[in-house]
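Accompanying notes for the structure given below.
The values are calculated or read from the model by the stated rules, or taken from the named source; none is laboratory data. It should be emphasised that the depicted structure is a prediction, and the values quoted were computed from it without experimental measurement. Cβ placement follows ideal geometry from the backbone for every residue including glycine, while neighbour counts extend to all protein chains displayed. In case anyone asks, the SASA skips ligands and DNA or RNA and just uses the protein heavy atoms, side chains included. Shrake-Rupley method; radii C 1.70, N 1.55, O 1.52, S 1.80 Å.
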Amino acid sequence: MKDKVTVDQNEFETLVAITEEEHLQGLMEKPWPPPIMTFAFDNLDVRKFWMHNTPSPLDIIFCRKNKVIAICEGKPFSLDLVGPDEPIDMVVEMPKGHTNKYNIKNGSIINIKYS
């Protein structure tokens, strides 16, 4: 069984980044189309993401308490920090266009199902 992330009625296989090392590596150097990656955090905090060494454009979904609070564009190789100026406890990175294709928006309900 593989880890999965559900967003409203949609279920996706996901890689889950839990350790600091996994958080730092993220989807760097993953070619198109990248896998979906979920970053799980133990606490709420303001967190920003960048696209250093990430060649694929991404939809970066910022969540708090299992609800989407912001969706940002991850531009390939950008060093710009993206993310809301409010605490989050989960981030999901998907290939660019997935949020539109699956109607993921602020307020969508999101959960991780661990294998």
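Toward the positive end of the charge dipole of the chain, with +1 on the Cβ of Lys and Arg and -1 on the Cβ of Asp and Glu, the farthest Cα among Ala70, Asn53, Asn103 is that of Asn103. Out of the total accessible area of region 14-94 (probe 1.4 Å, heavy atoms of protein only), what percent is carbon and sulfur? Here carbon and sulfur together make up 53 percent of the probe-accessible area.
Tally Lys and Arg at +1 and Asp and Glu at -1 over the other residues with C-beta under 12 Å from the C-beta of Pro34: what net charge comes out? List each step's numbers first, then the result.
Details: positive: Lys30, Lys96; negative: Glu29, Asp59, Glu93.
Spelling it out: positives minus negatives among the neighbours equals -1.
Seen from Ile104, the other residues with C-beta closer than 13 Å to its C-beta sum to a net charge of 0, counting Lys and Arg as +1 and Asp and Glu as -1. Projected label points at Asp45 and Asn106, each 7 Å from Cα along the beta carbon direction, are separated by 2.5 nanometres. The convex hull defined by the C-alpha atoms of the chain has an orientation-averaged projected area of 6.5 nm².
In this Cβ point-charge picture (+1 for Lys and Arg, -1 for Asp and Glu), the chain has a dipole of about 400 debye about its Cα centre.
What's the Cα-based Rg to Rh of region 56-109, Rh via Kirkwood? Kindly include the intermediate steps, with their values, before the conclusion.
Values: Rg = 10.7 Å, Rh = 11.3 Å.
For region 56-109, the value is 0.95.
The distance between label points at Asn10 and Glu73 comes to 1.8 nm (points 7 Å beyond Cα on the Cα→Cβ vector).
What the chain shows is 57 Å² of accessible area per residue, with the surface traced by a 1.4 Å probe over protein heavy atoms. Cα centroid separation, region 28-60 to region 74-94: 7 Å.
Can you tell me the order of 92-104, 25-37 when each peptide is scored by its average per-residue count of other Cβ atoms within 10 angstrom, highest first?
Details: 92-104: 18.2, 25-37: 16.1.
So the peptides 92-104, 25-37, ranked by packing, come out 92-104, 25-37.
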